[in-house]
Structures are given as C-alpha cells and as structure tokens.
Amino acid sequence: MKFGHIATQLIIIVLAIFLANSFAQQELPNYPERTFQGGKDSLKIKPGDVKDFYTMEATEGSIDPDEYYVGPGDKIFISISGVLEVVHNLVIDQEGWLYIPTVGAIDLKNLTLTEAREKTINKLNKDYKNVDIVISLVDFRKIKISLAGDVISPSLYVLSANSRLMDLITKSYGLTKTANLRNINIISKDGTNKQYDLLSFLRFGDYDKNPMLREGDVVIVDRVDEVVNISGEIKYPAIYEFIEGESVSDLIDLAGGILSKAKTDSIEIISFDPSGKYQLSDYFSFDELKNSSFKLKKQDHVVIRRIPDYYEDNYVKLEGFVKYPGWYKIVKDNTTLVDIIKEAGGFRKDASLTEASLKRSVKGEEQDPEFERLKLIVPADMTEDEYDYFKSKSRQTSGRVVI
C-alpha cells in the first residue's frame, strides 16, 4: 500500500515536470508592444496613496459626444440665454435623472451625451421660447470596472468615465506573458459581449479597438492558445496571436508591411496539413495576397525573403597615413588592396608599412553569448575566471590580420 502511494506521487511529479516543460516550449507572441507594463508599482505606492492612484484622471482632449454615455455623477452645465440668462450647474442623480429647477426631471439613463443634450433641449423648449440653449459636460463621474482573466492581478478599478480599454490595462498591474492582446472581451451590464484587438489600436490607432468603458463593464483578457508567425523582410517580424478569419494580407499589414528589399514574387506560407503532423508550403506573389482573402490557419508561418545582392553595400574604409583617407567602393572579387591604395593617392612619407593591418568583418558573424553576458556585469561582481575570460575577449580584434 505504501509502495503504491509512493508510485502515485512519482507519477504526479513526472507529469508536473512534463507539463512545465511543455508550457516552457510553447511559442508565445513576442512583438514589441507586449513589453509594456502596467502603471502600478507596489514598491512605489504607499498605503495612503492607493486611493489617489485608483482615481487618477485620464483625458485625450475633447470627448466624442456620440461615444460618451452620461450617467450618475456627471456634472452638466446649462445656459439659457434670452432677455435674461439663466445658468444651472447640475449633477445627474444616482438613478440617472437630471433635475432642472422650474422645469422638472429628465431621464438620461443609457443615453450618449448627444442624445442627452437633444432630449434636454426639447424639454427646455417647452418652457422657454426664443432662447439660445447651451448644454455641456463640465466634469466626469467615476465608474467601476472589473479586470479579470490572464492578468497579473485581477481586481476592481475606479476610473474616470472617459477611460478607454488601454487606460485600464496601463493602470492595472499588467498582463501576464501568456495574455492575448488580440482577444479581449468586454461584457457589459446589459449582457452584450464584444471582442477587441488591442494590438490593432496600438499599430493603427484604430479607436474602435480601444473602446470607452462603461459603468459595470467586466474586461476579460484571454490566454494565448494558437499563434501565427511572420518572418523575413517585414517591419515587425514576430509571433502573433492567431485570429480566426484573418487573411495573410491582414497579417502583413499588422506587421508593418514589407520592406523595400523584400522578394515579393514568391512569399512562402508554411502550413500544417489537416492531421497537424506534416508541413506544406504554398507560394504567392505579394499582389496575389493583397487582392485575395487567403485566410491564415493556426500555426501558419509566413516567410518573406530578401532579394539577393540587392542594394548591398561594398565599401572599404581606409585610415591612417595615406593621402586621402576615407570610404571607397569596391567591386566584389575584383578590387585589390593595391587598387584602393592607389585611389587614395598612395602612402604618405611617414607611413609605417610594417605596422599596417587589415580588419575584415563578416555580416552575420556569431556573437559569443558568454562575452555578451559578461558585458552586462560590473567587473567587481565577476568571479576570477569570468574576469580573466572577459579581459582576454576584450583584447581580441575580430578579423584583424597583418598585411
């Protein structure tokens, strides 16, 4: 019985290790926008500052009256100008009504600022004739929004009523590494559920993807499950979250578009077959993809290669005791060092040929990861072996030869 219990524990441990390794090997989105962190810092916020932080204001300039919904706590200014001017500074009550002295109450629940303004003016026109009416929003109320899902700290946040989805994300403790920025659900009090692609807002400035939040909204950040990859001659090569129905052309646009050196006549799309075990390649021109709605599938990899030998710089820099030091173009496999010396006007009288050297760098030369790591460490914090290695590597000049 005891042996069986131990065996069960071992199986659980092995299974946990397997699942941890599987998770570690899972490909996750890695585009630059995922590096932003929430605005909260538990090490910097003092207990007495929390309230002020939660209610900090946010503004992007004039609000869109067709987008902003009024609600309890909003401050409304009303000016009625005729022979005399009547001015009111009012607040919408907790049931969504606006009471105007001598006029009465107006139900403004679930109305945009435009709709509320129009309804109020119609009400006032019944009591006032031949007057000019000005109605404006003086100050925002506060609203409560819930943030849940794949976030660092699910919680309830108090924001200004003009806050958008991005305001909530930046004021939270941030998202996890596995959070899906392209699949954020907002569930409203009336039960509607809408999905938003926040990356589209960050890349294109599309405010439809960064909506204003409403009182009682529940924002749920999904977890990354399926991804697509785009690499090569593209502005933002990376792994992205897979969106059902997105085309290859959409992904290219999202990744910033192709670069000028891209080989556009044969863009490769690597996909899995229906069994998910074998990969197949299809090739399309960029024009074909732009003029079609070729849909992406999960785990697709779009490869955009570079035109070979296209606008490749072939230069040599000549320094030291020559008549005209500087940059000189060369013809690959043709120009010699003697040719360059002659073009530079030859050596000066005080040139030392015995101390001349040539340094050649090769594109794509591999870096030494250990040396790169040690560069980030203060020498005083290195071990003796680390410092000896760092010192020897620092004295090396890659590609330097005596001529």
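Straight-line cross-link reach from Lys317 at under 16 Å between alpha-carbon atoms covers these aspartates and glutamates, not counting any fewer than eight positions away in the same chain: Asp339, Glu343.
Taking the fewest neighbouring Cβ atoms within 10 Å as the starting point, the ordered list for Leu124, Leu199 is Leu124, Leu199. Taking 7 Å steps out from each Cα toward its Cβ at Asn122 and Ser136 produces label points 2.5 nm apart.
When the GluC sites (Glu not before Pro) in segment 264-358 are filtered for DSSP coil states and for at most 14 other beta-carbon atoms within 10 Å of their beta-carbon, the remaining sites are Glu312, Glu319. Cross-link reach is defined here as a Cα-Cα straight distance under 19 Å, omitting same-chain residues fewer than 8 places apart; for Lys298 the lysines meeting it are Lys277. Each of Asp273, Asp222, Asp93 was scored by other Cβ atoms within 10 Å of its Cβ. Listed from fewest to most, they are Asp273, Asp93, Asp222. Counting neighbouring Cβ atoms within 10 Å and putting the fewest first, the residues Ile234, Ile267 line up as Ile234, Ile267. Cross-link partners of Lys109 among lysines, defined as those whose alpha carbon lies under 26 angstrom from its own and excluding same-chain residues fewer than eight positions apart: Lys75, Lys119, Lys123, Lys126, Lys142, Lys144, Lys189, Lys194, Lys209.
Of the trypsin sites (Lys or Arg not before Pro) in segment 152-231, the ones in a loop by DSSP (not H, G, I, E or B) with at most 13 other beta carbons within 10 Å are Lys177, Lys189. Residue separation of Tyr236 and Leu358 scaled by 0.36 nm, minus their Cα-Cα distance, works out to 40.3 nm of gained length. Each Cα pair under 8 Å and six or more residues apart adds its separation to the average, and for segment 315-402 the resulting relative contact order is 27 percent.
Only the coordinates and a few stated rules stand behind these numbers; no lab work does. Because the structure is a prediction, the values reported are computed rather than measured. Please note: Cβ atoms are built from the backbone with ideal geometry, for glycine as well, and neighbour counts cover all protein chains shown.
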